[in-house]
Amino acid sequence: MKSATIDMTHGPLFGKILWFSLPLMASNVLQLLFNAADIIVVGRFAGSASLAAVSSTVSAINLFTQLLIGLSVGVNVVIARYIGLTGHKKEISRTLHTSIYVAMIGGVALGLLGILATGLVLDLTSVPDDVRPLAQLYMRIYFIGTPFTMIYNYGAAAMRAAGDTRRPLLFLLLSGMVNIVLNLISVVLFHMDVMGVALATVISQAVSAMLVLRSLAKTRGELRFSRRLLCIDKPRLMEMAHVGIPAGIQSCMFSLSNVVIQGAINSYGSTIIAAVGAASSIEGFIYIAMNSFNQAAQTFISQNLGASKYDRIGRSLHICMLCTVAIGLALSTIAVVFAAPLIGIYNEDAAVIAAGVERLHIVASVYILYGMSDVFVGAIRGHGVPIVPVVINLLGAVAFRLVWIAWLDTSVYGVEWVYYSYPISWVLILAALAPFWIYLRRKEPGRKIKAER
C-alpha cells in the first residue's frame, strides 16, 4: 500500500499531480467505456432503434445514481484530510468501513427504487414508443448492478484519498475487458440486443466491486477492509455527508436538467436521439480526461489544508487548471476535426452522423469551459466549502437550462437551440466560481505565512 500512495504535502507538486491524475484519467476513461461499449455494440450490430433506446436512458440513470455516487466525494475529502492531519488511523478506518456499508445498503435500496420507477421515468422523459420497450428493459437490468457500482466508487475513492490511483485503474481495465467481451458475445453471437449489453454491464460492475474489496482486504494499515468492522459511525458519516451530499445534490440537479433536455431532444425523433447518444459519449471522454484534475485538485488541496500547507494549495490549483486547459483544448480539437468518423464508429447511418457532427461542433468545441469550472469546484470542495459550488451550479446550470428549455418551442426551433444551453451555462458558472475561489484564498489563516515547499 505504501508504495502505491503519494505524499501530497511535501516535495514538487507537478510530477505528483500528474502521477495521481494520469492513472485516474485512464480509470475514468475505462469506466466511461462501459457505456460507450454498450452504445457502439448496439449501434453497429443491433440498429438505430436499439442505440436510441440505450441513449435515451443515460440521463435518467444518472439522475438516480448521482446522489449516492456523490457521497464518494465526501469519502475522498474526509480520508484525505485525516491523512494530512496524521495520527488519525482510527478515524480513517471508521470512515472506510462506514462508506462501504452505506454503499451496500444504499446501492440495494437505490436499485430497487430504480427498477420500480422505470416506467414513470420513461413517461416523464417522453421516450418514443418505438424504443420504449427496449429502453425499459435496459434500465431495469442496469439497476440490478447499482450496489456494485456504489461499492467500486466508494472503495476507489478511499484509495485515491491516499494517492493510489493505479490499482483502481487496473481493476477497471480488467472489468472493462470483461464488459466488452460479453457485449460482443451477447449481441453478435446470441443476438440478445439491449438485454445482452445491460447484463454485460452488470457483470463487469460486479467484477470491479469484488476486485476493490479484495484489494482493500489485503491492504496493510488504516485502509485495510474487514467485514467484521463494517459499521455506521455517525460522526464519520456526518463528515462525509457534509461534503458528499451537496456534491451528490449538484450531480442530481445536473442530471435533472439533462433529463429535461433529453425530453426536449426526444421530441426530435429517434435519429436525433441516436446522434446525441453517440456525440454525448464522445464528449464524455473529453470531460472525463479533464475531470481527473478536478479530483486531483480536490485531494491535494484537502491533504495540504489538513497539513496547513497553504502555499501548496494555490500551486495545486494552478497546475490542475493548466493541465485541464491543455488536455481540453487538444481533445476538443480532435472531436471537432474528426467529428464525422468518430460518430461513424457508433453508427453508420448518414443522417445520424450528420446530426452528431452538428452536436459536436456546438458543444464539444467549447467543452474546456466545463473543465475549468470543474477544477474550481474540486478545489472549493477540497477546501471544505461544499455548499457554494452547489448553489452556483444550481443557478448557473440547472435553473438556467430549465428556463431555457421551458421557453424553447421544439416544434419551431431546431435542436441546435437545445445544444446552446450548455456553453452559455458553463460561462455563467465559471464567471461565479473564479471570484469565489479568490475570496476563499484570501480568508486562509496561514495565507501570509510562507509554507514549506
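Where a number appears in this text, it was derived from the coordinates with a stated rule and is not lab data. Just so you know, these numbers come straight off a predicted model, no measurement behind them. In this analysis, Cβ positions are derived from the backbone assuming ideal geometry, glycine residues included, and neighbour counts consider all displayed protein chains.
For the reader, a short list of remarks on this structure follows.
- Gyration tensor (alpha-carbon) shape descriptor, the stretch 241-355, a/c threshold 1.5: oblate
- FRET efficiency for the Val181 to Arg224 pair, using the beta carbon distance and R₀ = 41 Å, is estimated at 0.80.
- Taking a ≥ b ≥ c as the square roots of the eigenvalues of the Cα gyration tensor, an a/c ratio of 1.5 or more together with a/b no larger than b/c marks the stretch 103-256 as oblate.
- Computed packing ranks the peptides 169-177, 313-321 as 313-321, 169-177, most packed first, by mean other Cβ atoms within 10 Å.
- Exposed loop sites were defined as GluC sites (Glu not before Pro) in DSSP loop states (anything but H, G, I, E or B) carrying at most 16 other C-beta atoms within 10 Å; in the chain the longest segment without such a site runs 1-347.
- Derived scalar couplings ³J(HN,Hα) [the stretch 175-180; Karplus, 6.51 cos²θ - 1.76 cosθ + 1.60; whole Hz; x for Gly, Pro]: 5, x, 5, 4, 4, 5
- Relative contact order computed over the stretch 84-220 (Cα-Cα under 8 Å; 6+ residues apart), in percent: 28 percent
- The stretch 14-127: relative contact order in percent, alpha carbon pairs under 8 Å with at least 6 residues between: 21 percent
- Zone residues, the stretch 270-306, relative to Phe338, backbone N less than 19 Å from point 7 Å out along Cα-to-Cβ: 278-290
- Value at 222 nm in deg cm²/dmol, rounded to 500, when DSSP H runs of n ≥ 4 in the chain each add -39,500 (n - 2.57): -26500 deg cm²/dmol
- Potential lengthening between Ile345 and Val366 on full extension [0.36 nm per residue; Cα-Cα distance subtracted]: 5.3 nm
- Rounded to 10°, Cα long-axis angle of helix 310-337 versus longest principal axis of the chain: 20 degrees
- The mean sequence distance of close C-alpha pairs (under 8 Å, at least 6 residues apart), as a share of the length of the chain, puts its relative contact order at 24 percent.
- Length gained on full extension, Leu189 to Asp311, computed as 0.36 nm times the residue gap minus the Cα-Cα distance: 38.2 nm.
- Among the listed pairs Lys16/Lys309; Lys89/Lys218; Lys89/Lys443, those beyond 24 Å (Cα-Cα): Lys89/Lys443
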